[in-house]
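Encoded as structure tokens, the structure appears first; notes follow it.
Every read-out reported here was derived from the displayed coordinates using simple, explicitly stated rules and does not represent laboratory data. Computed from a predicted model, the values in this text were never measured in an experiment. Cβ sites come from the backbone with ideal geometry, for glycine too, and all protein chains shown count toward neighbours.
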Amino acid sequence: HVYLIQNSTYDKFDTKNIDLDSIVKSNNFTMTEAWILSKLQSLVKTVTLSLDSCRLNEGAKELEDFIINSLSQTYVPMTRDDIWDDSMETIERRNVIYGVLGYALSIIDILLHSYCPYITNYLYLLCFKHKDLVLLESWPEISTNLINNEIENTIDKSKLVISLVNAARMKAKFKRRWPINRVVICTQDRNLLESSGLSEILKKQLNTMSIDIKVVHFSNLFEKINFLNRENLVSLSAKLKVNKIAPRLKNDLKNALQSFNQANYGDLFDQLNSKSNFNLKYMSGEIELSKDDVEFSYTGKTPYIMMESEQENVAVFIDTTRSSKLISMGLMKDIARNIQQLRKERGFVPTEILSSAHISNLDSDDLLSLENYKNELAYYVRVKEVIITPNKLVDIEYKEIEIDGRKILISVK
């Protein structure tokens, strides 16, 4: 509610008069709005049924999930960049977001009123106030025209992709603020490839320079590995299924295992995949191996880090190559985050555009690279100009921060 009031007030959007029909028909209404409104209809249905049947805990659980996972952690981040753009050319887009967010919050206030009447009534009167009390509002009805199961499934799958990429970032020790060179998504779901606008949403949410969605068709593990191997995304490893080959090798098992461990697993896989057998030679003989005798596994091939969900048949690969440009952009975003935090500490209104931000104590390379991103940095921290100096200025009150072992001075006023 605070987020809505702060931003909508800045753009002079009236949250007390939201025309949802006009918003849905707007050219600036995107699949993210269609998704959150569709999820909202499911919420209304579930909470209504839970209250009618006195299963209050089930309704509370659904409300919590929607508020936190759908609205706060998905819809708001997906539209944050659009809200942050305060140019007049994009005002209609921002108004659509304010309208959808306001409509969703007003419905939540009504649904949640049975659980926490005082807080919801306060928030309702603060933001909407269609009636003197939220209790006087009619109970929400399901709008079937807003239900879109296809978009729900697509965005829900994209949330899984975002989660997997974030896990890969953690594995690679990459901060989420650092831009990635490339993300490859392998999935059996064609909707991810065909959904208009989803690729751009994912590109922003994953903070990547490029994104490549590959639709994979496979009916078994061998076909899956074959695809990933041909795309040069994975490194293979393998081990013999000892319980299957031991009876055939008897006393030669140790020699066969030693020979197998020295084999080229890529060649082994290719031959098993094409001919369904592989002749493994060892010191005192040879044995013919089939696909059932070998267990293959795979990991991301350098420079890729891989994470996957076998249950959902989705695998993601992040390119860990970091050019000087990506490093500079990462530094800029690290500094931006710290300046945003400093704004909060000094009590500035989030939407207020301040006069300047100051950065000092950078080494010569960082100072030179950051000069190229001054305008972008000013946009992120909402100031008119960014002033970068080798040494601190006398009349500026700095705060010392540490980024990757470097001590940097920042200020905002």
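When the Cα centres of the stretch 290-325 and the stretch 359-412 are compared, how far apart do they sit, in Å? What the calculation gives is 38 Å, centre to centre.
Over the stretch 226-363, the alpha carbon radius of gyration divided by the compact-protein estimate 2.2 N^0.38 Å works out to 1.85.
Between N313 and V76, the FRET efficiency from the beta-carbon distance, with R0 = 25 Å, is close to 0.30.
For the stretch 234-300, report the translational diffusion coefficient in µm²/s to the nearest whole number, using Stokes-Einstein at 10 °C, 1.306 mPa s, and a Kirkwood Rh over Cα pairs.
On the way: Rh = 12.1 Å.
Roughly 131 µm²/s, to the nearest whole number.
Scanning the chain for DSSP H helices at least 30 Å long along the axis (C-alpha atoms) with a Kyte-Doolittle mean no lower than 1.0 picks out 91-112.
A quarter of the convex hull surface defined by the alpha-carbon atoms of the stretch 21-159 gives 8.9 nm² as the mean projection. In the chain, the calculated helix contribution to ellipticity at 222 nm averages -15000 deg cm²/dmol per residue, counting -39,500 (n - 2.57) for every DSSP H run with n ≥ 4. Between the residues F260, V242, Q271, the greatest Cα displacement towards the positive end of the dipole of the stretch 234-300, with unit charges on the Cβ of Lys, Arg, Asp and Glu, is found for V242.
When the alpha carbon coordinates of the stretch 125-191 are projected onto the principal axes, the ranges are 53, 30, 16 Å, largest first. Using only alpha carbons, the chain has a radius of gyration to Kirkwood radius ratio (Rg to Rh) of 1.08. The modelled label-to-label distance between K374 and L51, using points 7 Å beyond Cα along the C-beta direction, is 5.6 nm. With the convex hull drawn over the C-alpha atoms of the stretch 325-412, the volume per residue is 84 Å³. Could you list, in their original order, any pairs among K325/K392; K204/K413; K333/K399 whose Cα atoms are separated by more than 23 Å? In this structure, K325/K392; K204/K413 lie more than 23 Å apart at Cα.
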